[in-house]
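Notes follow once the structure below has been shown.
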Number of protein chains: 2
Amino acid sequence: MRIPELADIQAAHSKIRPFIHNTPVMKSSQLNELFNCELFFKCENFQKVGAFKFRGATNAVLSLSSVERSKGVVTHSSGNHAAALSLAARMSGITAKIVMPENAPVVKKNAVAGYGADITYCKPTLQAREEATRQIIEKTGATLIHPYDNFNVICGQGTAALELLQEIGDLEIVVAPVGGGGLLSGTSACVKGITKNIQVIGAEPLNANDAFISFTTGVLTPSVNPVTCADGLLTSLSELTFSVIKKNTDNILTAKEDSIIECMLLVWERMKIIIEPSSATVLAVVKENPGLFEGKKTGLIISGGNVDFRKLPF
Amino acid sequence: MRIPELADIQAAHSKIRPFIHNTPVMKSSQLNELFNCELFFKCENFQKVGAFKFRGATNAVLSLSSVERSKGVVTHSSGNHAAALSLAARMSGITAKIVMPENAPVVKKNAVAGYGADITYCKPTLQAREEATRQIIEKTGATLIHPYDNFNVICGQGTAALELLQEIGDLEIVVAPVGGGGLLSGTSACVKGITKNIQVIGAEPLNANDAFISFTTGVLTPSVNPVTCADGLLTSLSELTFSVIKKNTDNILTAKEDSIIECMLLVWERMKIIIEPSSATVLAVVKENPGLFEGKKTGLIISGGNVDFRKLPF
């Protein structure tokens, strides 16, 4: 199993740079004062499709051979990855087929359809999604682009940390959220490839703490039906992301639901930017571990800003 | 009555520049496509205290004589101006006394108290507020800083447009919201002082259209108990702001409540930034007057981002 290294992430960045936003790094003196450290927010909520997922999807699409391009891409997802892959495919002039559960929210169906993808609806079970995907691959030869268990996707996700470190040279800690582990894999491989002097920490909801358990025990242990407001972090690590994280991450910290919600509201109120609950998880681990971050220059990867405003957790 | 000119606004900018944020100018290709013009958002929601009001309050405080400084400042307000004056005073090391109605929301009381101001509560009538303010002035000799009927405040508010035009040289239209008229006065005096070739348009809720009526009839006509979700635009023009606006503004356009709410949601969803309903009014007039803005490079002054997340209009 080949594991992404810094050079792979740098190559990905050269490839995707013309298509992505180099998102801003924001600061807040109020939050620095409140948490007694110096925070740098890498704002992937301002990325295309409103999430870092566009980086990985674009790198995966741009890494296809011309034969693969002609047959298109496919994935099963109802979240940010589906929208990201749809837009990345459209920008490259290739077809994207997305398998979605028939009960997916209308707003998500519309987002994916709006990016011109071809949607196949299926029953809302993992088995039905995988079967529908298998049939599409069999029929069309499309390439499956997994949301995180994919080398090129991980390399793309790592480019957010690359830009962060290019802009802020002297960070002491970098924190990224962890669900399936694509973002944390890319982030940790990038940071440790640049310097061993920066700590890399994964932030996970306590209610979906499979990465914490896997990391602590050394045994890959998926979550079973986790329930958290951080709906982007429900997925579990894969063999690939677990390997990268084990090698490059210093620690995984968990955050309670009320900390996540409180920190989401804090960022909305004080910074006037919209972040999704998954992104607030990184600030919530800072809040819950004051001793660890005190006085430290800390980079936080803000994963996205796609929120249903009619179902706010606060 | 002396009317603010470009030179006054430039002088204000030199004075306040070390204390304010030079807020970013943001763009959105999605909104440009939707409205068929090129929009530049001057994001005063990222200003200190979350609103452009900090510019005017800071300029007013920095324009005091040393005798005036020693006696402090006073205003009656429960909104962004009270917070702005409190912080501006604290940063200058002078006292601020704020008269607030006793039924003001706790969150607003806390914000003003958090900036170290001395709050006097009164009955929730204009008469009680004015009487309490008069007594404070009599007792302490504090200088009244009116939220908009004040030369130095208007000059400070105009500095947002100055920065916008410094950054984007070739705008064709600038739109600012209008309530009491401080922001529109400063904006229009600044823009027309730089060039007569840029149109300046005021944006007002249809349900609080005193500026539209005053501008159209030529007779200052205050609103009576207006009701709009754009709670920063409930106030009416003063003689001073009306004079500046009559001289420098090309047109005032109104927007319906549902347009304002729709445009607020659009900015939240597509741009991932938090703007208050008053700010959405500028985009709402673009939406309601497509012919006027088609293909035009249009600057929008986003006045602020202070929103009660538990009382969203959508």
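The values are calculated or read from the model by the stated rules, or taken from the named source; none is laboratory data. These figures come from a predicted structure and were not determined experimentally. Neighbour counts are summed over all protein chains in view; Cβ atoms, including those assigned to glycine, are modelled from backbone coordinates with ideal geometry. Ligands, DNA and RNA are stripped out before the accessible areas are found, and what is left, the full protein with its side chains, is counted by its heavy atoms. Shrake-Rupley method; radii C 1.70, N 1.55, O 1.52, S 1.80 Å.
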Could you tell me the calculated FRET efficiency between residue A:106 and residue A:224, based on Cβ-Cβ distance and R0 = 22 angstrom, to the nearest 0.05? 0.15
Listed residues B:138, B:68, B:130; largest mean-square fluctuation, Gaussian network over chain B with Cα springs below 10 Å, found at B:138
Using alpha carbon positions and the Kirkwood radius, the Rg to Rh ratio of the protein assembly as shown is 1.01
Under a 10 Å cutoff between Cα atoms, tell me which one of A:256, A:123, A:71 has the largest fluctuation in the Gaussian network model of chain A. A:123
Whole-Å distance, taken between Cα centres, linking region A:182-196 and region A:89-105: 29 Å
Going by Cα centres, region A:198-232 and region B:290-314 are how many Å apart? 39 Å
Could you identify which residue out of B:165, B:292, B:253 has the top mean-square fluctuation in a GNM of chain B using Cα springs shorter than 10 Å? B:292
Which whole number of Å³ per residue matches the convex hull of the alpha-carbon atoms in region B:138-253? 121 Å³
For a Förster distance of 30 Å, can you work out the FRET efficiency between the beta-carbons of residue A:140 and residue A:2, rounded to the nearest 0.05? 0.65
What lysines could a cross-link reach from residue B:192, if we take a straight Cα to Cα line under 27 Å and drop same-chain neighbours fewer than 8 places away? B:15, B:27, B:42, B:48, B:53, B:246, B:247, B:287, B:296, B:297
Have a look at region B:114-204 and give its Rg and Dmax from the Cα atoms, expressed in angstrom. 17.5, 51
Shape parameters for region B:9-104, alpha-carbon atoms, Rg then Dmax in Å: 16.7, 54
Setting aside same-chain residues fewer than 8 positions from residue B:123, which lysines have a Cα under 18 Å from its Cα? B:97, B:108, B:109
Across the Cα atoms of region A:54-144, what radius of gyration and what greatest pairwise Cα-Cα distance (Dmax) are found, in Å? 12.1, 35
So how long is each side of chain B along the principal axes, counting just the alpha-carbon atoms, biggest first, in Å? 56, 41, 38
DSSP-defined antiparallel bridges as percent of all bridges, the protein assembly as shown, nearest 5: 10 percent
Where in region A:255-278 does accessible area fall by at least 20 Å² between the isolated chain and the complete protein assembly, at a 1.4 Å probe radius? A:265, A:268, A:269, A:272, A:274
Of the peptides B:267-273, A:91-97, A:158-164, how do they stack up when ordered by the mean number of other Cβ atoms within 10 Å, highest first? A:158-164, B:267-273, A:91-97
Going by amide H atoms built from the backbone, whose H comes under 5 Å of the H on residue A:300, apart from near neighbours? A:40, A:41, A:42, A:175
Just the number, please: buried accessible area between A and B, total of both chains, 1.4 angstrom probe, nearest 100 square angstrom. 1500 Å²
Leaving out ligands, DNA and RNA, and with a 1.4 Å probe, what % of the accessible surface on region A:151-227 is carbon or sulfur? 54 percent
